[in-house]
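Below is one structure; the comments refer to it alone.
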Amino acid sequence: MGTSAQIKNVSVVSLSYNKLTVTAIVTAGVETNAGRVGDYAEFSESFKKLPLGTINIMLVINADMSKGAMTRALVTCTEAKTAALQELMVDSRFSNGLATGTGTDQTIIAVNSDSELYYESAGKHSKIGELIGKTVISAVKEALAKQGNLTPELQHNLLRRLRRFGITEETIWEQYLKITDKPIKKKNIFNDTLKKISCSSPVFSYGILYIHLIDEYLWHLTSEEETKQTAVQLLKILSDKLDINCPSKFCDKSQGCERNLGVMTLEVESMKNLELILALAVENNIKNAFRSK
């Protein structure tokens, strides 16, 4: 099992039930090559150097298992890994989807063939399946926190959530330069202000609601009409909360708004609406800061 993750960042989690003990030993890194199953492939050759980033899982079980049960344990273990990534909202680095793993994940399951305990099932309905799920979820999360500080606190940042749609500090900076008449010269001040805003409440809360709404549409769970109606409402609320001029596409024209987000589109392009709102918020914040001085 090869990995670029440092072994000192390994996570070891054990759970027991009566005489049964399940231990998950995990190293994990996902920042460079986390992906969603079904993403477009990078190559079709039999060998190619891969980007760094791997989740390695060694599952040690102090019981004997049938070959079928070991195969099912591998499935349960993989589901648990994906559940951990889901709970952290880890983004694919190759698409606008949520990650289900990395492109180089590896798993080893070791059982004790001499044990008096013997299992022929390791699915979610079985106790051993429950222990596999809980240990792997916990160990994957801990390993990600140790290796790359990937924690719920790190993910409490709208910029982190938007990057799978191509929205970054740089694209928001470019948007800011387009909308402001007197851009600030020090980009670090812009970035610091943007980071503070993207982590703040209610920007983060309404922002992730907007993102999930678009996800639901992309997964064909909501209609185009209801998605657009709700998206408009969320953008209006966000504009009001940030005390910025509501973009004219999302308010009554009688209000005399000065900004225009353009045509409300769904798919990935709809994230440009959040990009512009964040740029407007930074512009407003910087102007107010200079006025107070």
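Remarks
- Within-12-Å neighbourhood charge of Asn191 [Cβ basis; K, R +1; D, E -1]: +1
- Spatial offset of region 133-157 relative to region 47-118 amounts to 15 Å, using the alpha carbon center of each.
- Exposure proxy ranking, count of Cβ atoms within 10 Å, fewest first, for Glu31, Glu275: Glu31, Glu275
- Semi-axes of the equivalent ellipsoid for region 7-150, Cα gyration tensor, largest first, Å: 28, 16, 13
- Peptide ranges 74-86, 226-238 listed from the most packed, as the mean C-beta count within 10 angstrom indicates: 74-86, 226-238
- Filtered GluC sites (Glu not before Pro), region 110-207: DSSP coil and at most 10 other beta carbons within 10 Å: Glu116
- In the chain, the convex hull through the Cα atoms has an average projected area of 19.9 nm², a quarter of its surface area.
- Environment charge of Leu117, counting only residues whose C-beta is closer than 12 Å and scoring Lys/Arg +1, Asp/Glu -1: -2
- Legend: ranking of residues Leu177, Leu88 from fewest to most surrounding C-beta atoms inside 10 Å; resulting order Leu177, Leu88.
- Share, in percent, of DSSP beta bridges within the chain that are antiparallel, nearest 5: 70 percent
- Loop-located trypsin sites (Lys or Arg not before Pro) in region 4-46, at most 16 other Cβ atoms within 10 Å (DSSP): Lys19
- Applying both filters, DSSP loop and at most 14 other Cβ atoms within 10 Å, to the trypsin sites (Lys or Arg not before Pro) of region 117-171 gives Lys124.
- Between Val75 and Ser95, the contour length at 0.36 nm per residue exceeds the Cα-Cα span by 4.8 nm.
- Pair Leu209, Lys182: separation of 7 Å Cα→Cβ label points (nm): 3.5 nm
- Shown for Tyr210, Tyr217: other C-beta atoms within 10 Å of each C-beta, ranked fewest to most, produce the order Tyr217, Tyr210.
- Residues Arg163 and Val12, FRET efficiency given R0 of 41 Å [Cβ-Cβ distance, rounded to 0.05]: 0.85
- Normalised alpha carbon radius of gyration of region 106-226 [divisor 2.2 N^0.38 Å]: 1.64
- Cα→Cβ-extended label distance, 7 Å offset, between Glu170 and Leu218, nm: 2.0 nm
- Neighbour net charge for Lys146 - beta-carbon separation under 15 angstrom, K R +1, D E -1: -1
Rule-based calculations on the coordinates, nothing more; no lab input. Since the model is a prediction, treat every value here as computed from it, not as a measurement. Cβ sites come from the backbone with ideal geometry, for glycine too, and all protein chains shown count toward neighbours.
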